[in-house]
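Data block below; observations after.
Read the figures in this text as sums done on the coordinates, not as results from a lab. None of the values given here were measured: they were computed from a predicted structure. Using ideal geometry, Cβ is built from the backbone for each residue, glycine included, and neighbour counts are taken over all protein chains shown.
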Amino acid sequence: MPKLSLLALFLLLLCLASNAFPDEIKTIDGNIIEGEVADVDDEYLSIRQGQERISFIQWRIISLISREKEVIIVNHDKNQRRFIIMTADANSLSAKNINITTTDKISDIYPEELLTNRVLFYKETEQSALVKANVDSSTVFSMKDASGKNTIRHKKPWKGNIDAGLTIQKGNKEALTTNAKTDFSLERTKDNMYFNGLLLVETKDSVKSADEQRGTLKYERKHKRRLYSFYQESMEHDEIEKLNFRSISSSGIGYRFIDTESLKYKSEAGPSFTYERFRDNILQTDPGLRIGNFVDWQILPSTLFYFKVDFLPVPENMVDWRLESDMGLRHNLTKSLSLNMNWINQHDNKPSAENVSKNDATILSTIGYNF
């Protein structure tokens, strides 16, 4: 214990002498990450490094934090975490001017008032190049480049995949099925952007049996670690259903009930508005609700299961509702290629067109490119 106190005091004196404003984070592996704290929660400490990237460092690998006139020692005892805060009241190097306090609350170290005063954190001109660090202590902070210097591996802000499939049938029956599916996401500190699209064309004996295109654009704004608001716009064209154009606009509030590395589940709800234009200039509009649920489960390091479902009821007419779902498995063959199975289902309990089934299900098997 005396050696620990002496070391902490020495580090504090160094901090006072250097008069450096950026925070310095020391990990359990002895690596130093320098930058400005942008955000804090129970799992991560977010450090802004320069103008174009943010690193997310897990608390479990942090051993010490130094900043102007203050040193914070992070003690880890099984599942318990405690902070020893050493603060100097003056620029004097005398030990009597140093105060020592202990706490297990992160808010005692980085209170909300402190974060609101940081201009860089609340600037709305966040760069699209902000990245998230993969902060596993055994694979990130111990990594070294060719020159022997410690490096940190970062994830790209944009990620996604493009999947495509083609089925040709010859003989007693001739059929051709073409499909393409895309998913893109941009995740940043305070806001996220998502886009997904589907193109499906099928002919049987020279007769078109499927011809539809869909696209969804969504924006999420984080208010708390788990709480967010959203705006979503969905568009669709279906030649078989005689649907020229369908637009579903929705907004509301969402909450991340489970947010771990292997399992994520969130739910959201809010008002919606549906605009439909069919052939012969038939128009139909319906105000309603939208309830969405999303699950991402990393079953294996190379296999992801996902499930998305939107329920769209019309309060004025309880028999008029839609259900749209997308469920699938994505298995990575290589870093960039994956094998995918998807079950996409649409159920319209009150179809607007004649001779159209209420349920429309599609099963896709595709090869995807991941980036």
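Of 159/350; 173/308; 26/224, which sit over 29 Å apart, Cα to Cα? Pairs exceeding the cut-off: 159/350; 173/308. Its Cα centre serving as origin, region 158-370 has a Cβ charge dipole (Lys and Arg +1, Asp and Glu -1) of approximately 920 debye. If you take all other residues with their beta carbon under 15 Å from the beta carbon of residue 289, and give Lys and Arg +1 and Asp and Glu -1, the sum is -4. Could you work out how much longer the chain between residue 267 and residue 345 gets when fully extended? Use 0.36 nm per residue separation minus the Cα distance between them, nm to one decimal. So the extension gain works out to 26.2 nm.
Which shape class, rounded, prolate or oblate, goes with region 158-370 when its Cα gyration tensor gives a ≥ b ≥ c as root eigenvalues, a/c under 1.5 marks rounded, and past that a/b bigger than b/c marks prolate? Because a/c hits 1.5 or more and a/b fails to exceed b/c, region 158-370 counts as oblate. Applying the criteria of a DSSP loop state and at most 12 other Cβ atoms within 10 Å to the trypsin sites (Lys or Arg not before Pro) of region 299-356 yields 335.
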